[in-house]
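J.: My structure is below; once you've seen it, I'll send some questions.
The values are calculated or read from the model by the stated rules, or taken from the named source; none is laboratory data. Values in this document were obtained by computation on a predicted structure and should not be read as measured data. Here the Cβ is made from the backbone with ideal geometry for all residues, glycine too, and neighbour counts use every protein chain on show. Heavy atoms of the whole protein, side chains included, go into the accessibility calculation; ligands, DNA and RNA do not. Shrake-Rupley method; radii C 1.70, N 1.55, O 1.52, S 1.80 Å.
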Amino acid sequence: MTKMAEEQWRSGVILRRNRPGSSAKDFRRWPDEPFEEMDSTLAVQQFIQQTIRRDPANLEAILKIPEAQDDGVWKYEHLRQFCMELNGLAVRLQSECKPEICTQMTATEQWIFLCAAHKTPKECPAIDYTRHTLDGAACLLNSNKYFPSRVSIKESSVAKLGSVCRRVYRIFSHAYFHHRAIFDAFEKETHLCKRFTYFVTKYSIISKEILILPKLEDETPIAQQPGESEA
Amino acid sequence: MKIPTAMDDSSVSHHNGGQVGSQIGVSVNNKQNEESSQSVQYSIPGVLHFIQHEWARFEVERSQWEVDRAEFEARIAFLQGERKGQENLKNDLVRRIKMLEYALKQERAKFHKLKYGVDLQQGDMRPPTEEPTQEPEPSERAQWKQGRQLIKQYLQEIGYTDTILDVRSNKVRTLLGLNNEEPADDSSHRNCDKQQHYSMNTALNRKMYEYGGKDQRKGAQQGSGYNEEGMSVQETAAVFANFEFLSNQEMDMDEIDDLDAKQMHHTTTKQGEDVDQEAEDVLTELNLLTESEADGGQGDEFPTVKFPATSATVAREGDGKPLALGELAQLTVSNESEGYDVASASKESFRKTWNAKYSLRSHFDGVRALAFHPTRAALVTASEDHTLKMWDLQRTVPAKKSAGLDVEPLYTFRAHTAPVLCLAMGAPRSEECFSGGLDGTIRVWNLPPPIADPYDSYDPAVLGPVLREHTDAVWSLSCAGGRLLSSSADGTARLWSPRDPRPLLATLRDDAPGSTSAPAAADFADAACRAAVVYTDGTLLLYDLETGQVVLRVPCDSPANRVRSHPTLPLLVTAHEDRHIRFWDAVSGRCAHAMVAHLDAVTGLALDPNGLFLLSGSHDCSVRLWNLDTKTCVQEITAHRKKFDESILDVAFHPLRPYIASAGADGLAKVFV
């Protein structure tokens, strides 16, 4: 714990702040704040990030919805977090996934995915599909029209989350089938694909047929745990 | 005995006189010797000689003074003329702006009427009153001419040739971006009356001609010298031409001022459209002009010191540097920054209130830093979501409540693998920016062109060099004159030349015993010769960038978050965790002023390009604008929400345009106009 944090402990006031000049290892390293005590409009995001920081592998804890939490906001904030962390995968792909080699967005041979960011869907190269999908998701999830608030979300807007999830999943699957080394390194660090799979299964956001990735090693059969899929 | 005439070569006359005098003196002495009288000290010839000598000396000095006087008078007249010219041009530009504004209002009203069928209530719909042209009174002009002749005479007497006069007058005219090629310019292909076009310019040019004397003759020789400015001259000409057309049109507008309906219903469709077209042309061209002017003005010099336009031209004139329209751009631009509305701008010296206009929503997490493009209405934001985004304020989506406009990002920069913490914009025209991240890297980015589509294919050319020497989070960046100053949690501040093969120029480390804290922020100071670095323990250090040595050490108790140096004065401003903003004399290290500025830690600081206002942001969720002179708060804006205990993380001024912006932990950036 930093010197400053210690002082704060003693004085009884905890300021959860990243001060300029603080070391990278201290970034967001502050004592957890109980969800009930968070009074910010960004409480759900704060809570999710706090839980991920504690242990990114503990999917159960990360995806356990707090009591009395609105379901739509919970899903929405998780999807925001996924898109944000997927940026890490996109950065890694940027250096390897060249438009000359991966000319189309594919996973298995079965489908070619068209990029929905354009007026008429287009056969973008995989790296462009990745970027466009993430940029498009950023615009949609921040759109004043569909998601004007972060504390309550209209039912009609919640329906939008499904299509974002489907597209985002293709980024995982492309990386898995065509850039396995990158995928594995990224997954080892973040457990993001596992978390995502668990997330979409648990809340039945995408149908199981679309989840084409084979079960990842050491993935406990959490998806089959009774009583969770309908939560 | 020969008595030298007054205007003879003085040294010769002196010599002759001396000889004669001494000869006589000798003969007299001989006589006196004969009379054995030794006491005679002053002989008549000796006195005469002395008087002659003295008189000649005074004559020389007098002529010297006269030469000096003539020189000074010439200089005074020249400067006066220059000032008049500047004033004329300014008045003309202001008048033109008023015209354009009026035309624009007309258009708006028309458009509104067509769209909603109701008259638009606009504040001031009167056409701008035509100010009397600034022709000097005949008597005054006669006086002028006389004076000029006199000076010319003086100058010729003392050997000033016409060429000097010409060189100077050319300089003045270069300054004004006008030359004689204009009448021959083809840009008058628009259907404008050339005669009138002249009459417009003549008022402006006449004085120049009066000073120039030989301008017409020199025109051809100037040709080559003007090549670089060719564009701006042509643009000026085009604008003049267009403006001419408008001023013709203005008569019509006067007539139909109250009969808008006539124009609205497009009974005279064709003419109406012509006007539209022309007005639009003028607007775009004026835009072009200001932009290119701004470029010319900023050039590669540091944009640190800015004089008021007039004094700048006078001061710079001495350097003998040929000035393009550059300085005048600041004249136009400063008008612009004073406000949209020239009428109100003339009444009050600054805008009193800023209002939120654009909200920039697209980051998934807190926005740590933002920086405006040096010239365009665009900005870049850096976020904890590991990305940077570029936004063009001219490409907007109207939001639901018409209060503000949503902007969609033009481009997303991906390469950092951790939160991006700081950002600096490159020099004008370099089209680059720099970002520093929690991952310890500093990245150079090539900004995509403004026409880029957000969903274009990926071009790795946006990625510039990566500077990896820092071993911990990079918390602040600032850029001046192509050099970059960074500060990092690894305890060092570093100076870079980002695109060199060996980019690291210097490492600034506090060698004082017992100093363990890391720098929190750094900024260039003193025309980029020094670096001001604040440390997490509150110490403020000033490094000399030549030697890398600490030249000033100012201890302070409260941890600091940000430091900024004043663009023109030796003044440093620091933002502190204890809610204070402190002002330091950069020479003596004395604390010039300290004030409790916010209800919580102060995080962001920005100074406006003229150094008159200070913008501060704080974790208390508010942005405050301060008058630097009186140190009073001019405006407070509540802008962002809290995430944990953080709220506003950065604030910024646009270097040329009237925009300010704030970045928040809530993932939003907001732009105020």
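J.: In whole percent, how big is the carbon plus sulfur part of the accessible area of the range A:2-141, probe 1.4 Å, protein atoms only? Please report the intermediate quantities before stating the final value.
T.: Working: 3420 of 6410 Å².
For the range A:2-141, the apolar C and S fraction of the accessible surface comes to 53 percent.
J.: Just which residues of the range B:531-577 lose 20 Å² or more accessible area with every protein chain there, against their chain alone, with the probe set to 1.4 Å?
T.: In the range B:531-577, residues shielded by partner chains: B:Thr536, B:Asn561, B:Glu577.
J.: Using modelled amide H (1.01 Å from N, peptide plane; none on Pro or chain starts), what sits under 5 Å from the amide H of B:Ser476, excluding residues fewer than 5 places away?
T.: Counting only residues 5 or more places away or on other chains, the set is B:Ser487.
J.: Compute accessible area for the range A:84-115 by itself and then with all protein chains, 1.4 Å probe, and report residues whose area falls by 30 Å² or more.
T.: Checking the loss per residue gives A:Met84, A:Asn87, A:Val91, A:Gln94.
J.: Under a point spin-label approximation (7 Å from Cα along Cα-to-Cβ), what is the B:Glu101-A:Ala159 distance to one decimal in nm?
T.: 5.0 nm
J.: Leaving ligands, DNA and RNA out of it, work out the accessible area of A:Ile153 with a 1.4 Å probe and give it in Å² to the nearest 10.
T.: 30 Å²
J.: Under the definition of partner shielding as Cβ atoms of other protein chains within 10 Å of a residue Cβ, what is the mean value for peptide A:41-48?
T.: Whole-number average of other-chain Cβ neighbours for A:41-48 is 3.
J.: For a quick check of understanding: with a 1.4 angstrom probe and all protein chains in place, what accessible area in square angstrom does A:Trp30 have, to the nearest ten?
T.: Answer for A:Trp30: close to 40 Å² accessible.
J.: Now for a different question. Taking only DSSP H segments of four or more residues, each worth -39500 (n - 2.57), what value at 222 nm results for chain A once the sum is divided by all its residues, to the nearest 500 deg cm²/dmol? List each step's numbers first, then the result.
T.: Values: 9 runs with 112 residues, N = 231.
Helices in chain A give a 222 nm mean residue ellipticity of -15000 deg cm²/dmol.
J.: Within 10 Å of each Cβ in peptide B:70-83, how many partner chain Cβ atoms are there on average? Round it to a whole number, please. List each step's numbers first, then the result.
T.: Numbers: counts 0, 0, 0, 0, 0, 0, 0, 0, 0, 0, 0, 0, 0, 0.
That works out to 0 on average.
J.: If you don't mind, there's one more thing I want to ask. Between B:Lys115 and B:Met595, what is the FRET efficiency for a Förster distance of 45 Å, r being their Cβ-Cβ separation, to the nearest 0.05?
T.: Using R0 = 45 Å, I get an efficiency of 0.35.
J.: Here's another thing I want to ask about it. Which whole number gives the average count of other chain Cβ atoms within 10 Å of the Cβ atoms across peptide B:378-386? Intermediate values should be presented prior to the final figure.
T.: Details: counts 0, 0, 0, 0, 0, 1, 5, 7, 6.
Other-chain Cβ atoms within 10 Å of each residue's Cβ, averaged: 2.
J.: Then there is this: From the protein chains alone at 1.4 Å, what is the descending order of accessible area for B:Asp510, B:Asp578, largest first?
T.: Details: B:Asp510 25, B:Asp578 50 Å².
Correct descending sequence by accessible area is B:Asp578, B:Asp510.
J.: Ranked by accessible surface with a 1.4 Å probe, highest first, in what order do A:Ile65, A:Ile48 come? Kindly include the intermediate steps, with their values, before the conclusion.
T.: Values: A:Ile65 50, A:Ile48 0 Å².
Greatest to least solvent exposure: A:Ile65, A:Ile48.
J.: Given the whole protein assembly as supplied and a 1.4 Å probe, what does the accessible area of B:Asp523 come to in Å², nearest 10?
T.: Estimated to the nearest 10 Å², B:Asp523 gives 20 Å².
J.: Return the carbon/sulfur percentage of the accessible area of the range B:363-492, one whole number, probe 1.4 Å, all protein chains in place. Please report the intermediate quantities before stating the final value.
T.: On the way: 2070 of 3960 Å².
Carbon plus sulfur share of accessible area: 52 percent.
J.: Residue by residue through the range B:542-552, which ³J(HN,Hα) values in whole Hz follow from phi under the Karplus form 6.51 cos²θ - 1.76 cosθ + 1.60 (θ = phi - 60°), with glycine and proline marked x?
T.: For the range B:542-552, the Karplus curve yields 10, 9, 7, 7, 6, 9, x, 8, 6, 9, 8 Hz.
J.: Give the interface area between chains B and A as buried accessible surface, both sides summed, probe 1.4 Å, in Å² to the nearest 100.
T.: Values: alone 34150 and 13090 Å², together 42990 Å².
Buried surface at the B/A interface: approximately 4300 Å².
J.: Where the Cα atoms of the range A:1-160 are projected onto their three principal axes, how long is each span, largest first, in whole Å?
T.: The principal-axis extents, from largest down, are 59, 38, 29 Å.
J.: So, one more: Post the alpha-carbon centroid distance, the range A:40-80 to the range B:542-621, in whole angstrom.
T.: 39 Å
J.: Within 11 Å, Cβ to Cβ, of B:Trp445, how many net charges do the neighbouring residues add up to if Lys/Arg are +1 and Asp/Glu are -1? It would help to have the intermediate numbers written out before the result.
T.: On the way: positive: B:Arg414, B:Arg443; negative: B:Glu431, B:Glu432.
Net of charged neighbours comes to 0.
J.: Sequence-distant or interchain residues sharing an amide H contact under 5 Å with B:Arg562, placed H: which?
T.: Close amide H contacts, sequence-distant or interchain: B:Ala575.
J.: Report the residue, chosen from A:Phe27, A:Phe183, A:Phe82, that carries the largest GNM mean-square fluctuation when chain A is represented by alpha-carbon nodes joined by springs under 10 Å.
T.: A:Phe27
J.: Net charge near B:Asp456: determine it from the other residues with C-beta under 11 Å of the C-beta of B:Asp456, scoring Lys and Arg +1 and Asp and Glu -1. Could you put the intermediate results ahead of the total?
T.: Values: positive: A:Arg131; negative: A:Asp128, A:Asp135, B:Asp453, B:Asp459.
Net charge around B:Asp456: -3.
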